[in-house]
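Here the structure comes first, spelled out in structure tokens, and everything after it is commentary.
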Amino acid sequence: MTTLYFVLFLPLGSAIFIRSMAGRLSKGLSGGIACTSVLLAFASAALSFLNLKGMAVDQRSLILPIFEWARVGNESMRFDLLLDPLSAVMICVVTGVGSLIHIYSTSYMHEETDSEYARYFGYLNFFVFSMLTLVLAANFIVLFMGWELVGVSSYLLIGYYRSKTSAADAGKKAFIVNRVGDFGFLLAIFIIMGRFNSVNFSEVLPFAAAKLVAGSSLATITALLLFMGAMGKSAQLPLHVWLPDAMEGPTPVSALIHAATMVTAGVFMVARCHAIFELSPVAMTCIAWIGATTALFAASIALVQNDIKRVMAYSTLSQLGYMVMGVGVGAYSAGFFHLFTHAFFKALLFLGCGSVMHAMHGELDMGKMGGLKAKMPITYWTFLVGSLCLVGVFGTSGFFSKDEILYQALTSPQGSFGLWLMGTLGAACTAFYVSRLFFKTFHGEPRDHHAYEHAHESDSAMAIPLIILAVASLLISLLGLPSFIAQNFNGFDQWLDPVFKDLVRGADTATVNPWALSALYSAIAFGFGGLGYRWFARKSETPDRIYKAFSYIHAILWNKYYIDELYDFVFVRGFLGLSRWTYKYFEQGVVDGAVNSSGELARRGSSFLSEKIQTGKVRYYAGAVLFGAALVLLLLLRSL
Amino acid sequence: MLNIDLSLTLATLIFCIGATGVLVRRDPLVMFICIEMMFNAANLALVALANHFGRIEGQVMVFLVIAVAAAEVAVGLAIIIAIFRTEKDVDVDTISTMKG
């Protein structure tokens, strides 16, 4: 399995090389090295995958030792890699989608200077390496290390346009909000270390039920703390605020971070540690409801936003909500399948947005677009495929994955009608905002004629990744066909089966005809999508009238439920206020007071000892001498 | 033969007068005279005790003291004159530039 070393270390080597040669490499060379390294990593990942596939089903969990990191007493902490069906899928997605994004970037970033270009590709490679460390980790410490590396490299990439204050702020926000989640994750790791005397997955997860009693409060606390980490990375309520702001980074970065890699880390971690989550029904219920709330909440915000990248950002939040809801109701395989399909179609949509933005000279406001279909046919058709997947039109990959999650939310023992309803409402919102975005951008009359005249189709380096992703988005649905369509054809479920084989699934609480649900979703998709077409494909007064009639709701959605303002008030200003208070009373009063008064004490004491007796008056000195001499004499006489 | 007690009492008396004069007077010349009185009180005590014990060292010491006192007066008067030239005054209490 030496191929796995190439998967991990090719991107790292390339990142180090490009960054250390920064400024001395031409654009072609630095871009070429970066793309080649990730493509080779993808080839190695595919080989590893096939290798794993060639093994017996119950043998499919390989640990690759690399080195011993630290030895504490008798416990050894190792930097090891774990290749199992779960991580095998992840490395293929990360390197596959990642390499397409690298290729796309070579054209997208061509206006940068040589050294900036090298900086960009160095960071991008480093990000891929970080994510691969995360998914290949064989113990919690390496997982946490990858987790933090992803945080750092996302900070670097989001704040890539470093001369822009907003980009620098967005980078900081992403990092800091993630740290809040990491705090919980770290505490969970400490509990696991204390309870299991080990951090290796192979020594923790199989014994979870024995060491953490099912349903005990310790199991609940551990699961919730682990999930806190997932909430940060996967941007679930209330730690979602960093994701929309992270759109300040270059668009391919958004595609990489917010589709295929970073945000999926949380869902991946929950799936990886499902043995612990399964022990706490309370935590599972919490997770499912947080996911469902995020799904609906973010979709409702996306209804009114005008910035195409922001719509995509909220859409990502919403889709992550579905994944989390899926794992929360115990449908790990379904949640993970949605992660898999979403990685493709969301990367496609982000890259499509980037292509539009490129053509419109950085314009992101869909209110200034329109009619781009004629100018950009490749972008148009691929974007259409991505949109259909996101909406979940029957037959596309997005349909099967989302449908499965909603089906499980309704029927599984942990599911409930409320969860299903929120998910379905979210799906309705999704259909509407996607069609609004799509028709406003590509159909109708051009709203900004100057920009429209200059719009042009992107070159092949950008178009080819779009086409590949579009084809992939459609074809991967074949991997996960639900059982009601084709019995025993769900390759994805079967593939992940060794990972989730320990799950004991209770009886379904509800029975529904899956065909009826599919029909319902199709009706929703076409109904709300058609509404978007009616309102936005041609000039129509209706949307404006509705916005005016419900201006109150519109303002709430437009301002994202005022969550940022709330955080600003509570955390930023609250913290500043507390800091000012402690500065004024504690710092200046107590700390400075102690320092100043000890100085004053020393000054006064020494002035008494040295200054006050140095009067400069001869007669005092004479008196002192006399007094001293008399004293000495007295002592001498006494001692005789 | 002189009474040793009487001699020492006289020496002590002169020493105390001299010491009091140094402490209470502000005129440096008078202070000098008082210091001389203290020297001579010591000399008197040395001579009396030398006579009493029949030894020579005390009387030798007196010559040493007289020599040192003479040197000290020479230096001291020179300093007083130097101060008088700059300060136009010789009140020892006003001369306190060495104050800490």
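The values are calculated or read from the model by the stated rules, or taken from the named source; none is laboratory data. Being a predicted model, the structure only gives us computed values, none of them experimental. In this analysis, Cβ positions are derived from the backbone assuming ideal geometry, glycine residues included, and neighbour counts consider all displayed protein chains.
A few comments on the model shown:
- In region A:96-121, the residues that are at negative phi reach residues that are in a loop (DSSP other than H, G, I, E, B) and among the aromatic types (Phe, Trp, Tyr) with C-beta atoms within less than 9 angstrom, at least six apart or across chains, in these pairs: A:116/A:160; A:119/A:160; A:120/A:160.
- Here A:45, A:15 are screened, and the one residue that is free of Cβ contacts under 8 Å to residues at least 60 places away in the same chain, under 27 Å from the mean Cα position of the chain (by Cα) and assigned to a helix (DSSP H, G or I) is A:45.
- Counted residues, region A:431-460 - those being closer than 22 Å to residue A:541 by Cα and touching a residue at least 12 places away in the same chain (Cβ under 8 Å): 18
- Pairs linking a residue in region A:364-378 that is in contact (Cβ under 8 Å) with a residue 60 or more places away in the chain to a residue that is surrounded by fewer than 18 Cβ atoms within 10 Å (Cβ to Cβ) and among the polar types (S, T, N, Q), with Cβ atoms under 6 Å and 6 or more positions apart or on different chains, are A:366/A:306; A:367/A:306.
- Any chance residue A:46 is closer than 25 Å to residue A:492 by Cα, at pLDDT 85 or above and surrounded by fewer than 18 Cβ atoms within 10 Å (Cβ to Cβ): yes
- Of all residues in region B:73-88, those being within 14 Å of chain A (Cβ to nearest Cβ), under 23 Å from the mean Cα position of the chain (by Cα) and not aliphatic (A, V, I, L, M) number 1.
- Condition broken by residue B:15, with the remaining ones in (1) surrounded by 15 or more Cβ atoms within 10 Å (Cβ to Cβ); (2) of a type in the set (Phe, Trp, Tyr); (3) more than 17 Å from residue A:630 (Cβ to Cβ) satisfied: (3)
- Close pairs from region A:385-407: first at pLDDT 80 or above, partner among the acidic types (Asp, Glu), Cβ under 7 Å, at least 6 apart: A:392/A:403
- With respect to the conditions (1) modelled with pLDDT of 90 or more; (2) not in a helix (DSSP H, G or I), residue B:7 lacks only one, and its number is (2).
- Residues of region A:590-623 classified as of a type in the set (A, V, I, L, M, F, W, C), surrounded by 12 or more Cβ atoms within 10 Å (Cβ to Cβ) and either out of contact with any helix residue (DSSP H, G or I) (no Cβ under 9 Å at 6 or more places or on another chain) or modelled with pLDDT of 90 or more (or both), total: 1
- Among the residues of region A:223-279, those identified as of a type in the set (Asp, Glu) and in contact with a helix residue (DSSP H, G or I) (Cβ under 7 Å, 6 or more places away or on another chain) are A:245, A:248.
- The set of residues in region A:179-188 that are crowded, with 20+ Cβ neighbours inside 10 Å and either outside any helix (DSSP H, G or I) or hydrophobic (A, V, I, L, M, F, W, C) (or both) comprises A:185, A:188.
- Test result for residue B:69, small (Gly, Ala, Ser), within 17 Å of residue B:19 (Cβ to Cβ) and away from chain A (no Cβ under 14 Å): yes
Each row is one residue, and each column tells you yes or no for (1) loosely packed, with under 15 Cβ neighbours inside 10 Å; (2) under 21 Å from residue A:630 (Cβ atoms); (3) in contact (Cβ under 8 Å) with a residue 12 or more places away in the chain.
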site: B:4; (1), (2), (3): yes, no, yes
site: B:9; (1), (2), (3): yes, yes, no
site: B:22; (1), (2), (3): no, yes, yes
site: B:29; (1), (2), (3): yes, no, yes
site: B:42; (1), (2), (3): no, yes, yes
site: B:76; (1), (2), (3): no, no, yes
site: B:79; (1), (2), (3): yes, no, no
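- Qualifying residue in region A:225-242 (condition: within 30 Å of residue A:501 (Cα to Cα), crowded, with 24+ Cβ neighbours inside 10 Å, of a type in the set (S, T, N, Q) and at pLDDT below 90): yes
- For region A:194-209, a residue qualifies if it is surrounded by fewer than 17 Cβ atoms within 10 Å (Cβ to Cβ) and at pLDDT 80 or above, and the qualifying residues are A:194, A:195, A:197, A:202, A:203, A:206, A:207.
- Filtered residues of region B:1-58 (kept if more than 14 Å from chain A (Cβ to nearest Cβ), of a type in the set (Phe, Trp, Tyr) and closer than 19 Å to residue B:69 by Cβ): B:39
- If you go through region A:491-509 and keep only what is modelled with pLDDT of 75 or more and of a type in the set (A, V, I, L, M), you end up with A:496, A:499.
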